[in-house]
Amino acid sequence: QVQLVDSGGGLVQAGDSLRLSCAASGRTFSSYTMGWFRQAPGKEREFVSAILWSGGSTYSTDVKGRFTISRDNTKNTMYLQMNSLKPEDTAVYYCAGGRSPFYDLPKGYNYWGQGTQVTVSS
């Protein structure tokens, strides 16, 4: 069993930066693919980024070049550095952990954080 706690959201202006964190319990964190998803009001949950157990990472086209995902296995923590934020980045951001190859789909993850709100004003 893995428990995830995500944090770091807030209200910022367009062009600002935020860093989200996802703290995981359990001793097998390093073996999980970890991902970030987001969900805006009235929209489906969408993939943002994932970092594999091997360290490889991938991003959605909407955030590539602006967001950076990383993990510190010694701290059981994953991060999402978000730069050049836009109003369309406004959403609840969720971290997730899983061992499925479907790293860009919610069904690929077994464990979810509670979500952290990111609001970007224009």
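Couple of notes before you dig in:
- Antiparallel content of DSSP bridges confined to the chain, in %, to 5: 90
- With every protein chain in place, the range 21-122: carbon and sulfur % of accessible area (1.4 Å): 49
- The tail of the calculated P(r) for the chain beyond 22 Å holds 25 percent of all Cα-Cα pairs.
- Kirkwood hydrodynamic radius of the range 13-73, from inverse mean 1/r over distinct Cα pairs, in Å: 13.1
- Packing-based ranking, highest mean first, of 88-98, 6-16 given that Cβ atoms within 10 Å are counted: 88-98, 6-16
- Each of Ala24, Ser49, Thr61 was scored by the projection of its Cα onto the charge dipole of the chain, and the greatest displacement toward the positive side belongs to Ala24; charges sit on the C-beta of Lys, Arg, Asp and Glu.
- Amide proton proximity set for Thr90, modelled H, under 5 Å, gap of 5+: Val120
- For the chain, a simple Cβ point-charge model (Lys and Arg +1, Asp and Glu -1, everything else neutral) yields a dipole of about 280 debye relative to the Cα centre.
- Amide H contacts under 5 Å for Asn76, placed H, 5+ residues apart: none
- Rounded to whole numbers, the Karplus 3J(HN,Hα) couplings from phi for the range 81-91 are 8, 10, 10, 6, 5, 10, x, 6, 7, 4, 4 Hz, using 6.51 cos²θ - 1.76 cosθ + 1.60 with θ = phi - 60°, and x at Gly and Pro.
- What the phi angles of the range 10-18 give under the Karplus curve with 6.51, -1.76 and 1.60, with θ = phi - 60°, is a coupling list of x, 9, 9, 9, 4, x, 7, 10, 9 Hz, glycine and proline written as x.
- Computed lengthening from Glu46 to Ser17, 0.36 nm per intervening residue step minus Cα-Cα distance: 8.4 nm
The values are calculated or read from the model by the stated rules, or taken from the named source; none is laboratory data. Please read all numbers here as calculations on a predicted model, not as lab measurements. Positions of Cβ are generated from backbone atoms using ideal geometry, with glycine treated the same way; all protein chains shown enter the neighbour counts. Just the protein is used for accessible areas: all its heavy atoms, side chains included, with ligands, DNA and RNA removed. Shrake-Rupley method; radii C 1.70, N 1.55, O 1.52, S 1.80 Å.
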